[in-house]
Amino acid sequence: MKGIILAILVFYPFLGGLLAYAVGRRNELYRDYLADFVTASELVLMAVLFIFFGDKAGEGAVMNCRVAEICGFGLNFTMDGFRLVYGTIAALMWMMTTILSREYFRHHENRNRFYLFLLLTLGATMGVFLSADLYTTFIFFEIMSFTSYVWVAQEENEPSLRAAATYLAVAVIGGLVMLMGIFLVYHALGTVKMSELLEAAEQYQDKKLLYIAGTCMLFGFGAKAGAFPLHIWLPKAHPVAPAPASALLSGILTKTGIFGVLVVSSEIFLHDAAWGTLLLSIGVLTMFGGAVLAVFSVDLKRTLACSSMSQIGFILVGAGMQGLLGEENALAVHGTMLHMMNHSMIKLVLFMAAGVIYMNTHALDLNKIRGFGRKKPLLKGIFLIGALAIGGIPLFGGYISKTLLHESIVEFGGGFLMHAVEWIFLFSGGLTVAYMTKLFVAVFVEENESREVQRKYDGMKSYMSRESTFALAGSALLLLIWGLFPHGLMDRAAELGQGFMHLEEFGHVVSYFSLKNLSGACISIAIGAVVYLFFIRRILMREEKKGLRSYVDLWPAWLDLENLLYRPVLLELLPVLCEAVCRVFDRFVDTLVKYLIPVCGVVCRIFDSLPDLLVVGLRKSVYRDSPLPHELSEGNIFTLACGRVLNFWQRLANRTWQRKNPVRKDYVHILAVKHDELKENNMIIGRSLSFALLLVCIGLCLTLIYILWL
């Protein structure tokens with residue numbers, strides 16, 4: 001019965017979404033309060049579970065729940081330390097973004113639809129994180145993809161619809177490839193239960209098939225995470241999606257992809273160096289590529305989106321180092337876990353702050369929103385906490401997780417390649433500092449090039465409601481406290497989730513603020529300062545009239561992987577290939593019709609005649625037709641018996657008292673004819689309406705007699 005709470009956590013938001021939609025058709029205010037209540041109660045439920053099950057989960061205990069006879073194989077859910085932590089983070093982020101949505105969508109259309117799919121996606125996301133087998137993961141993963149598609153297309157303009165189409169295409173193609181991988185895993189190992197995969201994989205000899213299956217699943221999960229080269233949806237979906245949706249897309253939905261990658265890495269390829277090398281390579285490309293895109297971007301939300309891509313790369317680097325370090329991977333395990341959590345909380349704060357900026361300016365271009373936060377100390381402080389945390393500045397959460405990831409690379413050692421990975425890691429961290437400095441300076445330090453616009457910005461006193469203030473300030477405060485207590489909070493959370501990645505013991509306690517560990521952060525900060533001062537300020541800014549300078553986007557427009565590769569392949573090359581295949585097939589069919597089909601017709605006629613000839617021959621020789629002894633030519637057994645008796649009495653009479661006037665009748669035939677006439681008359685009567693009415697009358701009379709008798 002305890003496991004039923006897991007099903008409630010998954011299906012309760014689905015029910016809440018449908019109910020909120022129904023209420024919203026009559027009263028929008030009640031719908032908003034209902035949505036707040038659903039997300040808040042989901043968080044309370046997770047908090048209660050955390051209190052009563054947290055200690056047991058830390059000791060390795062699990063809670064299971066099975067919902068049978070759904071989707072054929074049933075749905076299986078489980079709860080352990082990792083899922084407990086991330087379920088709580090997801091519920092917290094949904095509650096905060098739902099509270100912000102009330103003010104953000106105040107003047108928007110289709111709000112009822114947004115709230116419906118907001119809550120449906122919460123249930124689907126919980127289903128992914130709590131899934132106990134790959135089949136359940138796939139079911140809710142696809143539900144989540146389709147429900148979150150509505151977020152991207154919410155505004156229903158050309159950019160949002162195009163970005164939504166890209167998002168859905170990547171999600172669907174990734175999901176199909178992932179499903180192929182799940183089929184291969186089931187074929188090879190005979191199970192898709194996560195608790196049984198590791199033992200089955202260790203005993204399976206054909207590693208080549210497992211690598212193919214793992215690569216297929218990595219394709220699907222990596223597409224959702226925004227890993228290179230399947231990141232194309234991420235920089236385009238976030239700028240057009242509403243800010244509350246962007247916070248969830250970046251902070252949580254990408255982590256469902258990371259969740260899948262960790263499942264494959266920990267349950268199928270545990271301590272596998274080859275698999276770790278693959279993840280490390282993808283992570284380095286994603287980490288560095290996202291940071292470069294963010295440096296060049298001049299759109300607030302696009303910069304944060306590219307930043308999400310880069311931070312996903314940091315997490316994948318940690319996942320790769322787990323495989324390379326083998327059983328001594330404690331630093332990589334804890335760094336991966338903590339950077340996932342840090343990125344979720346950081347992007348919650350930053351995207352909600354971006355939402356407040358957009359609510360008041362209706363713009364995202366840095367040149368247009370420049371100077372908006374100069375005289376808004378609360379918003380400035382909130383954004384600064386998020387910027388310092390993601391930049392890896394000491395005393396903030398991002399510093400702790402990046403230090404662990406960096407130390408895992410240093411611990412592995414190696415030759416030139418690993419030293420190159422380390423410096424790309426530090427340089428990407430420096431780029432993070434550079435583009436976050438660019439955003440903070442542009443919005444909160446510099447003045448707008450238009451004095452009139454700047455006076456308008458400075459005059460905004462009530463730029464967000466009390467509810468929005470609670471959502472932003474509360475999230476920023478939690479992020480600040482989280483980073484100030486690395487051993488008391490962060491290490492405890494990492495230890496709680498380490499069993500998910502099969503780490504039994506942590507090992508030594510890391511001295512986060514030693515000179516050795518601080519040196520990595522200082523190198524990244526120094527790189528960030530150089531990039532900001534000598535590249536962003538001098539190259540990515542152009543001098544305008546009156547000595548004012550504006551931000552310019554110098555990223556080549558043609559260097560867009562979607563337009564350069566994917567769309568041409570799907571929309572141009574693929575149709576050409578399909579047309580060529582169809583032509584070849586058409587010619588093949590013509591050849592069959594012209595030559596093969598007539599020949600086959602003759603052969604079939606011959607083979608069709610052979611059985612007939614064989615049957616006729618057998619019936620004329622071995623199996624001659626003969627009347628069945630029990631088959632009567634006419635009448636039935638009763639008419640036959642009576643007719644024979646009457647024929648006997650007729651012969652007896654003709655020989656005795658009717659010898660002078662004998663009678664010659666065949667009573668067997670006469671009775672058979674009478675029987676057939678009677679049978680035909682009964683059939684006619686039985687099919688007539690009069691007979692039916694007669695039976696109805698008889699039935700009513702019997703019913704009436706029965707009632708009167710009682």
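The values are calculated or read from the model by the stated rules, or taken from the named source; none is laboratory data. Please read these numbers as outputs of a predicted model, since none were measured by experiment. Methodologically, a virtual Cβ is constructed for each residue, glycine included, from the backbone with ideal geometry; neighbour enumeration extends over all protein chains shown. These area figures cover heavy atoms from the full protein model, side chains too; ligands, DNA and RNA do not enter into them. Shrake-Rupley method; radii C 1.70, N 1.55, O 1.52, S 1.80 Å.
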Kindly provide the GluC sites (Glu not before Pro) of segment 23-83 that DSSP labels as loop, not H, G, I, E or B, and whose Cβ sees at most 16 other Cβ atoms within 10 Å. Glu59, Glu69
Report the gain in length on full extension from Ala653 to Arg455: 0.36 nm times residue separation, minus Cα-Cα distance, nm rounded to one decimal. 57.7 nm
Considering only protein heavy atoms and a 1.4 Å probe, what is the carbon-and-sulfur percentage of the accessible area of the chain? 66
Would you work out if the chain is rounded, prolate or oblate? Take a ≥ b ≥ c from the square roots of the eigenvalues of the alpha-carbon gyration tensor; rounded if a/c is under 1.5, else prolate when a/b is larger than b/c, oblate otherwise. prolate
Members of Lys301/Lys402; Lys301/Lys368; Lys347/Lys376; Lys368/Lys456; Lys56/Lys402; Lys438/Lys461 lying beyond 18 Å, as alpha-carbon distances in this model show: Lys301/Lys402; Lys347/Lys376; Lys56/Lys402; Lys438/Lys461
Among Leu540, Ile8, Cys216, pick out the residue whose Cα is farthest towards the positive end of the charge dipole of the chain, where Lys and Arg carry +1 and Asp and Glu carry -1 on C-beta, about the Cα centre. Ile8
Would you please name the chymotrypsin sites (Phe, Trp or Tyr not before Pro) within segment 1-81 that are DSSP coil residues with at most 14 other C-beta atoms within 10 Å of their C-beta? Phe73
Once phi is turned into ³J(HN,Hα) by the Karplus curve 6.51 cos²θ - 1.76 cosθ + 1.60 with θ = phi - 60°, what whole-Hz value does each residue of segment 185-196 show in order, with x for glycine and proline? 4, 5, 5, 7, 9, x, 7, 10, 6, 4, 6, 10
So if I place +1 on the C-beta of Lys and Arg and -1 on the C-beta of Asp and Glu, and nothing else carries charge, what would the dipole magnitude of the chain be about its Cα centre? I want it in debye, nearest 20. 2320
With all protein chains present, calculate the accessible area of Asp80 using a 1.4 Å probe and round the result to the nearest 10 Å². 20
Based on a Kirkwood Rh over C-alpha pairs, give the Stokes-Einstein translational diffusion coefficient of segment 131-251 at 20 °C and viscosity 1.002 mPa s in µm²/s. 140
Contact order normalised by residue count of segment 312-408, Cα under 8 Å, 6+ apart, percent: 38
Can you check what the net charge comes to around Gly430, using other residues whose Cβ is under 14 Å from the Cβ of Gly430 (Lys, Arg +1; Asp, Glu -1)? +1
Once the Cα atoms of segment 152-212 are picked out, what are the Rg and Dmax in Å? 17.8, 53
From the backbone phi of segment 471-479, what are the Karplus-calculated ³J(HN,Hα) couplings (6.51 cos²θ - 1.76 cosθ + 1.60, θ = phi - 60°) in whole Hz, Gly and Pro given as x? 5, 6, 5, x, 5, 5, 5, 4, 5
Please sort 100-109, 534-543 by packing, taking for each peptide the average over its residues of neighbouring beta carbons within 10 angstrom, highest first. 100-109, 534-543
Once the dipole of the chain is set up with Lys and Arg at +1 and Asp and Glu at -1 on Cβ about the Cα centre, which of Val284, Ala171, Ser514 lies farthest towards its positive end? Ala171
Shape descriptor, segment 188-305: equivalent ellipsoid semi-axes (Cα gyration tensor, sqrt 5λ, whole Å, largest first) stand at 32, 15, 9
Report, in whole Å, the centroid distance computed from the Cα atoms of segment 358-381 and segment 63-103. 34
Label segment 359-486 by shape, choosing from rounded, prolate and oblate, from the square roots a ≥ b ≥ c of the eigenvalues of the Cα gyration tensor; if a/c is under 1.5 it is rounded, and otherwise prolate applies when a/b is larger than b/c, oblate when it is not. oblate
Enumerate by residue number the trypsin sites (Lys or Arg not before Pro) in segment 396-487 meeting two conditions: DSSP loop (anything except H, G, I, E, B), and at most 10 other Cβ atoms within 10 Å of the site's Cβ. Lys461
Extension length gain for Lys660 and Ala68 (0.36 nm per residue less Cα distance), in nm, is 204.1 nm
If you average the sequence gap of Cα pairs under 8 Å that are 6 or more apart and divide by the length of the chain, what percent do you get for the contact order? 11
In Å², what does the accessible area per residue of segment 234-361 work out to with a 1.4 Å probe? 14
Which distance in Å, rounded to a whole number, links the C-alpha centroids of segment 123-181 and segment 464-485? 29
Between Ala529 and Tyr211, Cβ-based FRET efficiency (R0 30 Å, step 0.05) works out to 0.10
Counting only protein heavy atoms and rolling a 1.4 Å probe, one gets per residue an accessible area for segment 389-524 in Å² of 45
What FRET efficiency comes out for the pair Arg542/Lys516, r = Cβ-Cβ distance, R0 = 41 Å, nearest 0.05? 0.50
Packing-ranked peptide list from 88-94, 118-124, 194-200, highest mean Cβ count within 10 angstrom first, is 118-124, 88-94, 194-200
Using R₀ = 35 Å, calculate the FRET efficiency as 1/(1 + (r/R₀)^6) where r is the Cβ-Cβ separation of Ala61 and Glu328; round to 0.05. 0.85
